[in-house]
Amino acid sequence: MSETDGTGSSFILVAGPAAMLLGMLMFALNDAMGKWLVANYGLGQVILIRSLAALLILSPFIWRGGWKPITQAERPLMQALRVLFSTLEVFCFYYAVTYLPLADVMTYWLAAPIYVAAASPLLLGEKVGWRRWTAIFVGFVGVVITLEPSRAMFTMPAFISIVGTFAFAFMLLSGRSLRSTPDKTLVLFQLGGAGLAGLIIAPIDWTPLTSVPEIALLCLLGVVAMGAHMLVNRALKISDAATVAPLQYTLLLWAIVFGWMFFGDIPRPTMMVGASLIIGSGLFIFFREQQLKKGRSDRPPEVP
């Protein structure tokens, strides 16, 4: 191996995890900004301006790739369902962070891969063994602990959080059925759906924008979100999933830090216990799936 090859390999080894870590930081920053903005502006208004700003950043990439991947996207019905789930998810998330600590909401959302594993046998026909079912059960226990079994778990913000995280899980599931659709197309549809819903809802609770800094901050929300998506997609392209995907759980660390710094939120003990169970079960499910995929790829082909 030449010195150049070694340098290139070393760069890839570092660049993938670095991009994922930076992407998670930007997602957490986006979420903290969103929590502050929806407390001062209408929910539909925030999502509309966020979507328009992100679409503006995405437009050069769409222009360069042409319109064919968009107009001829596979499985239009599944694409529409994914847009529906993604739009419901983003509205639920920003509603939930208006009333709940950022770390609590993030904990609910990190449970989505567990729901995906539980639903995949029914919706995708995938086989799930007893080890993953055990991890799924542990993850559900973590969600219940985070909710704190009491009357508080039946509040509207808690209910909306659960609805949102299920919508996020079904968005991930539908994405598995659209593997050949380019990332840019999926993001475009996702932003377009959220923007259209925001346009419909925004007039109901529109708050006048009286200064340039206010408009800039609302637009920055979309720019940060778009940058986070690009970083995560880039990380998954230059590094294998087993290396970078577990780093998504650093999102909770940033949520705790930003929640404390900007909103004075102190993590509850039950949230920390529940989050530990959710993260542990999610990591087990992920590495178990990677192990099974490797086993299938290493298996010699059957002789007819």
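Taken together, the values in this text are just the output of simple stated rules run on the coordinates, not laboratory data. This one's a predicted model, so the numbers in the text were calculated from it and none came from an experiment. Using ideal geometry, Cβ is built from the backbone for each residue, glycine included, and neighbour counts are taken over all protein chains shown.
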Distance (nanometres) between label positions extended 7 Å along Cα→Cβ at Phe61 and Arg179: 2.1 nm
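Return Arg176, Arg234, Arg82, Arg50 ranked ascending by Cβ neighbour count within 10 Å, so the fewest neighbours appear first. Each step should come with its number before you reach the end.
Values: Arg176 12, Arg234 18, Arg82 24, Arg50 29.
If I rank by nearby Cβ atoms, fewest first, I get Arg176, Arg234, Arg82, Arg50.
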Simple spin-label estimate for Thr134 and Ser211 in nanometres, 7 Å along Cα-Cβ: 5.8 nm
Between (i) 1.04; (ii) 0.90; (iii) 0.97, which entry matches Cα Rg over 2.2 N^0.38 Å as derived from the coordinates of this structure? (i)
Between Leu22 and Glu126, how high is the FRET efficiency from 1/(1 + (r/R0)^6) when r is the Cβ-Cβ distance and R₀ = 35 Å? Nearest 0.05. 0.65
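Shape verdict for segment 34-102, please, from the Cα gyration tensor: rounded (a/c under 1.5), prolate (a/b greater than b/c) or oblate. Please report the intermediate quantities before stating the final value.
Details: a/c = 3.66, a/b = 1.75, b/c = 2.10.
Oblate, since a/c reaches 1.5 and b/c is not below a/b.
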Per DSSP helix of 4 or more residues, -39500 (n - 2.57); summed, then divided by the residues of the chain. What does that give at 222 nm, rounded to the nearest 500? -27000 deg cm²/dmol
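If you look for lysine pairs in segment 9-298 that are eight or more places apart or on different chains, how many of them have Cα atoms under 23 Å apart? Each step should come with its number before you reach the end.
Working: Lys68/Lys184; Lys68/Lys237; Lys127/Lys293; Lys127/Lys294; Lys184/Lys237; Lys237/Lys293; Lys237/Lys294.
Summing the qualifying lysine pairs gives 7.
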Among Ala15, Ser211, Val224, the residue whose Cα sits farthest towards the positive end of the charge dipole of the chain, when +1 is placed on the Cβ of each Lys and Arg and -1 on the Cβ of each Asp and Glu, is Ala15
Rounding to the nearest 20 debye, state how big the charge dipole of the chain is about its Cα centre with +1 on each Lys and Arg Cβ and -1 on each Asp and Glu Cβ. 660 debye
